[in-house]
Amino acid sequence: ARAQAMTVDRSPEVEYADIGGIDEQIREVREAVEDPLTNPTQFEEVGIEPPGGVLLHGPPGTGKTMLAKAVANETDATFIKMAGSELVQKFIGEGARLVRDLFELAREHEPAIVFIDEIDAIAATRTESKTSGDAEVQRTMMQLLSEMDGFDERGEVRIIAATNRFDMLDRAILRPGRFDRLIEVPEPDVEGRERIIEIHTDGMNVADTVDFEELAEETAGFSGAELASLCTEAGMFAIRDDRTEVTTADFEEALAKVSTDAENDTRYYV
Ligand code: ATP
């Protein structure tokens, strides 16, 4: 089960330059994760504890996973990912043990970044989640807390978690030494959207006449993930038309398609 529940990536390829519109969040993550990994003695010399875990929160598809991977890449750390939802849905009865295995695996692969996606699945307040009343989910969370509390000799393992449901979280996981660095990753603003479109069209054959600034204005409310699929869809329209250059018309058609898809999707996020 351990092999399926966790993915290990020794050298994730994402770089900070691939992430658009969240420069301030990149800076905060670097400060909280990179410095303790690359220069732990500095904290000893100053006489303070390095920050505990980092919690990235915000809407889906805004770059939280990318951020965690980019830090691992930058620090030459192994990236180890576990999805909270899988722990409670697929590995029933094994959650606590898998959390223990996760930290053991991380120590074996030092330096390592442990990324726990959808942490709300194992760390929701009792009142707001259907599953958290479950003794099994509680045990999984207790195991996570005890791993983090016992992490004094933290060494070269840093923990990053992500959630789209910050409101649902049990506040116990936010105490000092646990996830005490909260970083909100919002939906991109108009400049962020332009940057993200630039990033995703970088390798594409796009006509000079395509106006990214205008596209950014037309895509209010789009996440980074939706902007990425906008670019791919635009490319698909060019291919359907047997062209190799992607035009403004392709982007407009893609816009109509991705907007409709996004509307049909929203029910999953509420
Ligand atoms: P979720 O909460 O759904 O797990 P997330 O915030 O972790 O989402 P990512 O997995 O990091 O989102 O992003 C998914 C994809 O969307 C990325 O692989 C990338 O193609 C694109 N993307 C998202 N945000 C950005 C961004 N800020 N800059 C560039 N691309 C982005």
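So, in segment 211-230, of the ones that are near the ligand (Cβ under 9 Å from one of its atoms) and open to solvent by less than 10 Å² (accessible area, probe 1.4 Å), which residue ends up nearest to E253 (Cα to Cα)? Walk me through it before giving the result.
Step one: of segment 211-230, the residues near the ligand (Cβ under 9 Å from one of its atoms) are 223-229.
Of the ones still in play, those that are also open to solvent by less than 10 Å² (accessible area, probe 1.4 Å) are 223, 227.
Numbers: S223: 18, L227: 13 Å.
It comes out as L227.
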TODO: Kindly check whether there is at least one residue in segment 21-33 that is more than 14 Å from the ligand (Cβ to nearest atom), farther than 27 Å from L169 by Cα and among the small types (G, A, S).
DONE: no
Task: segment 135-187 - residue that is away from the ligand (no atom under 16 Å from the Cβ) and closer than 23 Å to D76 by Cβ and, of those, most open to solvent (accessible area, probe 1.4 Å) - done: E153
Task: Within segment 3-92, strands (runs of 3 or more DSSP E) holding 1 or more residues that are in contact with a Pro (Cβ under 6 Å, 6 or more places away or on another chain) and at pLDDT 95 or above - done: 78-83
- [ ] Would you be able to say whether some residue in segment 45-52 is closer than 26 Å to A96 by Cβ and within 15 Å of the ligand (Cβ to nearest atom)?
- [x] no
Task: The one condition in (1) under 15 Å from the mean Cα position of the chain (by Cα); (2) crowded, with 19+ Cβ neighbours inside 10 Å; (3) outside any loop (DSSP other than H, G, I, E, B) that A106 fails to fulfil - done: (1)
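The values are calculated or read from the model by the stated rules, or taken from the named source; none is laboratory data. Fair warning: this is a prediction, and the values are worked out from it, not measured in the lab. As a convention, Cβ positions derive from the backbone with ideal geometry for all residues, glycine included, and neighbour counts pool all protein chains shown. Accessible surface areas use protein heavy atoms only, side chains included; no ligands, DNA or RNA. Shrake-Rupley method; radii C 1.70, N 1.55, O 1.52, S 1.80 Å.
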